[in-house]
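The structure appears below as structure tokens.
Rule-based calculations on the coordinates, nothing more; no lab input. None of these values were measured; they are calculated from a predicted model. Cβ: placed from backbone, ideal geometry, glycine included. Neighbour counts: every protein chain shown.
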Amino acid sequence: MKKIFSFLILAVLSPLAAQELNLVEKNAPEKVTFAQPFTLSYGVSHTPDYQVKVDEQSLSRDFEIQTQSVQQNSAGTATFTFTVLPFTLGKSTFTATFLLIQNGKTAATLEEPVYITVSPAKTFNDKNFREIRAPQIPAGWLTWLLAALAALAFITVVYVWRKKMQEKSLSVHQAPEDTRPSDEIAFSKIDALLNSGLWEQQQYKLFYITLSDILREYLWRRFQIDASADTSAELLRRIKNIPEISPLLFALRSFLNSGDLVKFAKAVPEEDVRNKDVQILRKIIRETSPKEILPEGQEGAK
């Protein structure tokens, strides 16, 4: 009887003891630079025949995930690697939660926070620099001061006069509202941007700012989403549940990451990268624009 009782206890406790999920190794930098991609990796050990996944909802919102991958080293070990962009200055926490799953059920969880300091991009503002020139007071400074004040007053008067004239002109000649479909407006603005000469003048930052504004204006016209003041991460969180856009989230993330690198990290994009981003934007507009509904009986004709 004792043997049977012991066997039953082992049969009940063995599955519970076997459900293990542990951190073996964690590699992450302590300090990173704002808007510069870096890599984190986690090595985990787990019960064989179980699957380990990352809980996407647990990933920190202070970082933009560029890529993530998993390598199964053996039946019971795996390495998860993330390439991320930091967009919050100061001390931030990157958190990843791992789930041990079998038959669609979560048997165990493992949460691993990483504390990272995000510093500003390097500039030429060095505290060790100091002014060594002697102070100079220009001759006749009072005359120059009066002349500067007179010039400032003149500029102010001219500015106020021109502003009133412009307001009067706009009140008389109000520009008609663009009533074209949202996708047609967006496509025409993309073509105008490509023909503007900004890329040829190496105005890459202004080019990508305008390209991003075309997307945000399209989202407003098409879905009434005001994303004009959103960061890339905020924009992705806001639109991820829109049925028309959810299949395009990966492409949209790539588009926004390219723009952020140019606008904030001063990256110089290659022409093929620009072409890829323009094609992504065209695809997003084309696949989310309202489809034409044909009259009954004409579907086959088209």
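Each residue of the range 38-55 was assigned a 3J(HN,Hα) from its phi angle through the Karplus curve 6.51 cos²θ - 1.76 cosθ + 1.60 (θ = phi - 60°); the sequence is 9, 10, 10, 9, 10, x, 10, 10, 8, 5, x, 6, 9, 10, 10, 10, 9, 6 Hz, with glycine and proline shown as x. Neighbours of PHE80 by Cβ distance under 12 Å: Lys/Arg scored +1, Asp/Glu scored -1, total -1. Panel note: the C-alpha atoms of the range 17-119, placed on their principal axes, show extents of 43, 23, 21 Å (largest first).
Once the other residues with Cβ under 12 Å from the Cβ of LEU248 are scored (Lys, Arg +1; Asp, Glu -1), what is the net sum?
Cβ neighbours under 12 Å give a net charge of +3.
Computed over the alpha carbons of the range 15-55, Rg followed by Dmax gives 14.7, 46 Å. Relative to the current alpha-carbon distance between THR143 and GLU177, full extension at 0.36 nm per residue lengthens the span by 7.1 nm.
So for the range 182-288, what are the equivalent ellipsoid semi-axes in whole Å, largest first, each being the square root of 5 times an eigenvalue of the Cα gyration tensor?
Numbers: eigenvalues 92, 48, 30 Å².
They are 21, 15, 12 Å, listed from largest to smallest.
Relative to the 2.2 N^0.38 Å rule of thumb, the range 173-216 has a C-alpha radius of gyration ratio of 1.32.
Applying the Karplus relation 6.51 cos²θ - 1.76 cosθ + 1.60 with θ = phi - 60° to the range 245-261 yields 3J(HN,Hα) values of 9, 3, x, 9, 4, 5, 5, 5, 4, 4, 4, 5, 4, 4, x, 5, 5 Hz, where x marks Gly and Pro.
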